[in-house]
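Here's the structure we're looking at; comments come further down.
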Amino acid sequence: MARSAHLSLVAGTLSALALVGCGLPAGNLAIRGASAPVSLTQVYSVGGVPQIIVKRRAGVMSTQSVAHVRSVRSATKSGLEIDAVTDRNVEAALEALRQDPTVEYAEPNYKLTIPETPVAIRGGRLGAQGANFPGEYGPKITHALDVQGKTTGEGQVIAVIDTGIDLTHPDLAPKLVAGTNTADPSQSAADDNGHGTNCAGIAASLKDDAGGIVGMAPGAKLMPIKVLGADGSGSDASIAEGIRWAADHGATIISMSLGGPQQTQTGAQAVAYALSKGCVVVAAMGNNGSGQKSYPAAYPGVIAVGATDINDKVPSFSQFGSWESVSAPGYSILSTFPTYHVAGMDEYAQDKAFWEKNGMRATPKYAYLTGTSQATPHVAGLAALVRAAHPELTPDQVKARIEGAAAHPTGMLGSFDPHYGHGRIDAQQAI
């Protein structure tokens, strides 16, 4: 669906980064048992060996074995097994497992990534703190600044399920709670990509500190849940485990700026579990500019978020559809960035030329990024503001309140528009 209001953007480069390390050679092998046949290249793999997810029936142990399938690990809480298919014949392995009466379901362990990110408009230097700075227009245009005298999201915990968070960043470190790394449990939840740190700052960066930016809900806590690797990709199993961990460890809002086109039982059940535990779940629509569904955004109960720019127009990259809940600022957003070097994303750091000239001995703490990835934590921060002001609301009621309070920018087609959803978020009306 074309719109004259859409912006023309230069194509991003992060999609290539997201395929490093976890992909397989191109092939046409189809896999049954998911919502639609997919290429083997969409399955998460380690060392060229693809993985599958097996869910056993409760209280039943299997005595059967499947050739060329070996266990990688298990998640006791969810009852999932992650297995490697050593001969790479995923379809045959799934077919054999589905004949086992102890198996509830078996499906590919799909690869999910941060959305392909359009190159952000760069320019300017970090000025005085406050949303009057052009790159940080989100808290101002959504009226979050106008409600921060009433609530700052105090008492709320936003789980950022992403590439991790810079655990030492001065805008973020004072508000961190314990997190986890389900991508590599032997490592911490420290960000080695930059994407998660950027999203965290948008949601809940400190207010009234010496410099930097201000988040939508500066009084909320942040929970780092690292589910993606340095290349920005991860597995459905890792993300599902991260969702469940957050729900079990005090998160009240879950923010996910990631996705993939496959609907899975693993992902759907993890989201349903988080909602049942009282978590508001927010996820990005995606950046390929089409009406294709992206998951977890398209799962029931999720607040699915599209992007707008400083003029309340929908950029051409923002995915759209009837499942979109709301839109939020997502074009050239200034936010926190790792205080150390991260491979692959330094091109997005502010004053890149200066740091390159100085041999990258130091890195900036802020960067401009663009995408529904940046729109999503604006909504997660708003959810924290709403919950702090109205703690009695259920996740469904928070979702309905945010949708019902959304502004209808000029150019929006009626009370619901598949490009805007129910509109661009408005914190003042929601509170």
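Read-outs: derived from the displayed coordinates by stated rules, not from any lab. Since this is a predicted model, take the numbers as computed values, not measurements. Cβ: placed from backbone, ideal geometry, glycine included. Neighbour counts: every protein chain shown.
Residues whose amide H falls under 5 Å from that of LEU222, counting only those 5 or more places apart or on a different chain, are ILE158, LEU176, VAL177, with hydrogens built in the peptide plane. Across the stretch 154-164, rounded Karplus estimates of 3J(HN,Hα) from the backbone phi angles (6.51 cos²θ - 1.76 cosθ + 1.60, θ = phi - 60°) give 4, x, 9, 10, 9, 7, 9, 8, 6, 8, x Hz, Gly and Pro being marked x. Scanning residues 5 or more positions from TYR295 or on other chains, those with amide H under 5 Å from its amide H are GLY260, GLN262, with H placed 1.01 Å from N in the peptide plane.
When the chain is fully extended, how far beyond the present Cα-Cα distance does LEU413 get from GLU91, taking 0.36 nm per residue of separation?
Full-extension gain reported as 111.5 nm.
One Cα centroid belongs to the stretch 277-294, the other to the stretch 158-178; the line between them spans 22 Å. Site pair GLN99 and SER322 shows an inter-label distance of 4.0 nm when each label is modelled 7 Å from Cα along Cα→Cβ. For SER74 and GLN429, the FRET efficiency from 1/(1 + (r/R0)^6), where r spans their Cβ atoms and R0 equals 51 Å, is about 0.65. What the phi angles of the stretch 223-232 give under the Karplus curve with 6.51, -1.76 and 1.60, with θ = phi - 60°, is a coupling list of 10, x, 10, 8, 10, 10, x, 4, 7, x Hz, glycine and proline written as x. Computed about the Cα centre, the dipole magnitude for the stretch 134-430 is approximately 300 debye when only Lys and Arg (+1) and Asp and Glu (-1) carry charge, each at its Cβ.
Taking Lys and Arg as +1 and Asp and Glu as -1, the other residues whose beta-carbon sits under 12 Å from that of GLN51 total 0.
Each residue, ALA67 and GLU392, gets one label point 7 Å from its Cα in the Cβ direction; the gap between the two is 6.4 nm.
Each peptide among 290-303, 39-52, 249-262 gets the average number of other Cβ atoms lying within 10 Å of its residues, and from highest to lowest they stand as 249-262, 290-303, 39-52. Take the Cα of ARG57, go 7 Å toward its beta carbon, and the backbone nitrogen atoms of the stretch 74-97 under 18 Å from that spot belong to 79-81, 95-97.
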